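Undergrad: Next up is a structure, given as structure tokens.
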Amino acid sequence: MLQYPDHAAALCAELAGRFKEDQVQIVIAPALGGVLVAHEVARALGARALFTERENGVMRLRRGFSIAKDERCLVVEDVVTTGGSTREVMRAVADSGGLVVGVGALIDRSGGAAAFAVKRAALATISVPTFKPEECPLCKAGSRAIKPGSRA
């Protein structure tokens, strides 16, 4: 969906609407999947758009990005699975002195199980079954797993 700018803008505006009363100053996401979401949500909120990147295994602000003390930040993602990347971005915001006021995602595939101590919203919440390799029906049938995304 993000390959179609009109669709991305419409869905991200819908997500932004869930946070319109939260005085968001910065919308921030992990690279690479969340960059377009952060940009479009920030556009809809009239905020700055930033992204974090892993450097030596740690999620950080790079490329001259900075967050001032107590700037109100909304962390967004395209898809939340475990919430791990989101929590890493939240840590980077806190380490920079910012204040995370919410977490948003286009899709929450944790079924709502990924918990955060701030306001959260997703346009869709789904439950996706996961299996240990020895219990996976596809693995038992000889299928090979394909791991998309940026995490190993």
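Undergrad: Grab the other residues whose beta carbon is less than 10 angstrom from that of Gly34, score K and R as +1, D and E as -1, and report the net.
TA: Details: positive: none; negative: Glu77, Asp78.
The answer is -2.
Undergrad: For Arg18, enumerate residues with amide H under 5 Å from its amide H, sequence gap 5+ or separate chain, H modeled in the peptide plane.
TA: Distant-sequence amide H within range of Arg18: zero hits.
Undergrad: Taking a spot 7 Å from the Cα of Leu123 along the direction of its beta carbon, which residues of the stretch 54-86 have an amide N less than 11 Å from it?
TA: Answer for the stretch 54-86: 78-79.
Undergrad: Further question: Determine the calculated [θ] at 222 nm for the chain from helices alone, applying -39500 (n - 2.57) to every DSSP H run no shorter than 4 residues and normalising by the residue count; nearest 500 deg cm²/dmol.
TA: Details: 4 runs with 40 residues, N = 152.
Helix-only estimate at 222 nm: -7500 deg cm²/dmol.
Undergrad: What longest range of the chain stays clear of loop-exposed trypsin sites (Lys or Arg not before Pro) (DSSP non-H/G/I/E/B, at most 14 other C-beta within 10 angstrom)? Mind dumping the intermediate values first?
TA: On the way: sites that count: Lys20, Arg62, Arg63, Lys69, Arg144, Arg151.
The answer is 70-143.
Undergrad: Going toward the positive end of the dipole of the chain, with +1 on Lys and Arg Cβ and -1 on Asp and Glu Cβ, which of Ile146, Ala49, Phe65 do you reach last?
TA: Ile146
Undergrad: If you don't mind, there's one more thing I want to ask. Which of the cysteines found in the chain have nothing to pair with, since no other Cys Cβ lies under 4.7 Å from theirs?
TA: Here Cys12, Cys73 come out as lacking a disulfide-compatible partner, given the Cβ-Cβ threshold of under 4.7 Å.
Undergrad: Under 10 Å, Cα contacts only: if you run a Gaussian network model on the chain, which one of Leu61, Leu99, Leu123 comes out with the highest mean-square fluctuation?
TA: Result: Leu123 has the largest fluctuation of those listed.
Undergrad: Return a single number: how many Lys pairs in the chain, at a sequence separation of 8 or more or on separate chains, have alpha-carbon atoms below 22 angstrom apart.
TA: Values: Lys20/Lys69; Lys20/Lys119; Lys69/Lys119; Lys132/Lys140; Lys132/Lys147.
Going through the chain pair by pair, I get 5.
Values in this text are rule-based calculations from the coordinates and carry no lab data. This one's a predicted model, so the numbers in the text were calculated from it and none came from an experiment. Cβ sites come from the backbone with ideal geometry, for glycine too, and all protein chains shown count toward neighbours.
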